[in-house]
1. Go through the residues of segment 34-44 one by one and say whether even a single one is in contact with a Ser or Thr (Cβ under 6 Å, 6 or more places away or on another chain) and either surrounded by 15 or more Cβ atoms within 10 Å (Cβ to Cβ) or assigned by TED's automatic domain parsing to the domain that holds Thr182 (or both).
2. Within segment 8-40, how many residues are closer than 23 Å to His185 by Cα and modelled with pLDDT under 90?
3. Can you pull out the residues in segment 53-91 that are buried (at least 17 other Cβ atoms within 10 Å of the Cβ) and either touching a strand residue (DSSP E or B) at 6+ places or on another chain (Cβ under 8 Å) or not assigned by TED's automatic domain parsing to the domain that holds Ala33 (or both)?
4. Out of the residues in segment 161-199 that are among the polar types (S, T, N, Q) and surrounded by fewer than 19 Cβ atoms within 10 Å (Cβ to Cβ), which is farthest from Leu44 (Cα to Cα)?
5. Can you find even one residue in segment 44-64 that is under 16 Å from Trp173 (Cβ atoms) and modelled with pLDDT under 95?
6. Report yes if some residue within segment 212-225 is in a helix (DSSP H, G or I), touching a strand residue (DSSP E or B) at 6+ places or on another chain (Cβ under 6 Å) and outside the structural domain of Ile39 (by TED's automatic domain parsing); otherwise report no.
Amino acid sequence: MPLFFGDFHVTLAQDQTKPAGTGTERLADKAYAEILGRILSGVLPAGMVVPERRLTEDVGLSRSRIREALARLEGEGLLHRDRTGALSIRNVTLSDALHAAQLAQMLEPPLACVATDPDSIAALDALEARIAQTGPYGTVAENGFLRAVLELHGVLASGIRNPFAEPFVTMLWRGIAIYQVTVGHRASRAELDAAIGLTRALRGLPGATPEQATAAHLSQVRAGLLAGI
């Protein structure tokens, strides 16, 4: 199913394999997607105690559906429960983000070689245009670059078609995204160009291979994290 993030969505491959659920399951998925989107966009910032009542009102679903979604997010490590039982958005430190980027550097480039999906060509075309339009202005959360990069790696994860690798790639990028939103990361021109290069490589256009382009992009992501020190 699509996971909504503000005014766009990221399609994750592990959700594509799920059969259509009952109405109750679909409502729980909607609650999950809505809350996840608020976390990844910084509307629910790292360290904030989860406002369960407000979420119930804002999302327009019952408290039981919201609690199901929160339990799922807690299980995925995005929420932290303290000794009193209160849930908060997990803090992601620079060290956490760098470790996530390092793991992505080890995992994604070789997997990118098999992440070719003809059905994703149109999405990658649109992503290149969106990334090119952002420019190195404003934070990555404000100018839409972070949204596009999350969607780009969602496409890459979908193309891998490996039920073990896909969710791991997804969680790595969620951690990086939360940190970038928290610190107000601003992408450099090199980071923008590397992301565009990855969209082109995944479409099989002349230039770097998918493995090379993924490695180059991740190198710029790591450099961007370090530049904020």
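1. Filtering segment 34-44 for residues in contact with a Ser or Thr (Cβ under 6 Å, 6 or more places away or on another chain) gives none.
So far as segment 34-44 goes, no, none of its residues is in contact with a Ser or Thr (Cβ under 6 Å, 6 or more places away or on another chain) and either surrounded by 15 or more Cβ atoms within 10 Å (Cβ to Cβ) or assigned by TED's automatic domain parsing to the domain that holds Thr182 (or both).
2. 3
3. Of all residues in segment 53-91, those buried (at least 17 other Cβ atoms within 10 Å of the Cβ) come to 55-56, 59, 61, 65-66, 68-70, 72-73, 78-79, 87, 89-90.
Correct list: Leu70, Leu73, Leu78, Leu79, Leu87, Ile89, Arg90.
4. Step one: filter segment 161-199 for residues among the polar types (S, T, N, Q), giving 162, 170, 180, 182, 188, 199.
Add one more test, that the residue is surrounded by fewer than 19 Cβ atoms within 10 Å (Cβ to Cβ), and what stays is 162, 188.
Working: Asn162: 31, Ser188: 26 Å.
Ranking the qualifying residues of segment 161-199, first place goes to Asn162.
5. First pass over segment 44-64, keeping only residues under 16 Å from Trp173 (Cβ atoms): 46.
From what is left, the residues that are modelled with pLDDT under 95 are 46.
Within segment 44-64, one or more residues are under 16 Å from Trp173 (Cβ atoms) and modelled with pLDDT under 95.
6. Filtering segment 212-225 down to residues in a helix (DSSP H, G or I) leaves 212-225.
Adding the requirement that they be touching a strand residue (DSSP E or B) at 6+ places or on another chain (Cβ under 6 Å) leaves none.
No, segment 212-225 has no match at all.
The values are calculated or read from the model by the stated rules, or taken from the named source; none is laboratory data. The model shown is predicted, which means the values in this text are computed figures rather than measured ones. Cβ sites come from the backbone with ideal geometry, for glycine too, and all protein chains shown count toward neighbours.
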